[in-house]
Every structure is written in structure tokens, then in C-alpha cells.
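Everything on this sheet refers to the single structure shown next.
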Amino acid sequence: MALNWTDVLDIAIELAESKPDVDPRYVNFVELHRWVTELPDFSDDPMRGGEKILEAIQAAWIEEA
């Protein structure tokens, strides 16, 4: 399944599984952006990942954790 920026919950789940020792509350957006774009299933344009979508991903990741 190809991931896009709009797949907030799926991205959060992937991050929670791939980075179990990371507390998402303390991840900065630069690092979060890099981690999202490095996910194996991520296939969207990296430039489309702005602050609002990163906030949504971080919030969903906190919920998953």
C-alpha cells in the first residue's frame, strides 16, 4: 500500500511500529518529516508535507503510543 501525506493514521501506525522507543511528543517537525519520507511505503511528494499535516501525524502517533 502506497502512503500519501493524507494517510495520517497509517503513517502514525508505521512510525509507532518502526520507532517503538521514540516518544512522539518530543519529535521535532524536521525529524518527523524525514522519518515519514523514509518510510518504505511512502510515495508522495516530500514537498507537500507542511506543518499542519505533520501536526496531525504527530497527534495520531501520540494516540497510537
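The table below lists the values:
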item: Answer residue from the range 35-52, given it is in a helix (DSSP H, G or I) and under 9 Å from the mean Cα position of the chain (by Cα) and is surrounded by the most Cβ atoms within 10 Å (Cβ to Cβ) among those; result: V36
item: Those residues of the range 53-65 which are in contact (Cβ under 8 Å) with a residue 40 or more places away in the chain, in a helix (DSSP H, G or I) and either basic (K, R) or open to solvent by 70 Å² or more (accessible area, probe 1.4 Å) (or both), in sequence order; result: E63, E64
item: Candidate set from the range 9-31 (those that are outside any helix (DSSP H, G or I) and free of Cβ contacts under 8 Å to residues at least 12 places away in the same chain); member that is surrounded by the most Cβ atoms within 10 Å (Cβ to Cβ); result: V22
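The values are calculated or read from the model by the stated rules, or taken from the named source; none is laboratory data. Keep in mind that what you see is a predicted model, and the values were worked out from it rather than measured. Cβ: placed from backbone, ideal geometry, glycine included. Neighbour counts: every protein chain shown. Keep in mind that these areas ignore ligands, DNA and RNA; they rest on the heavy atoms of the full protein, side chains included. Shrake-Rupley method; radii C 1.70, N 1.55, O 1.52, S 1.80 Å.
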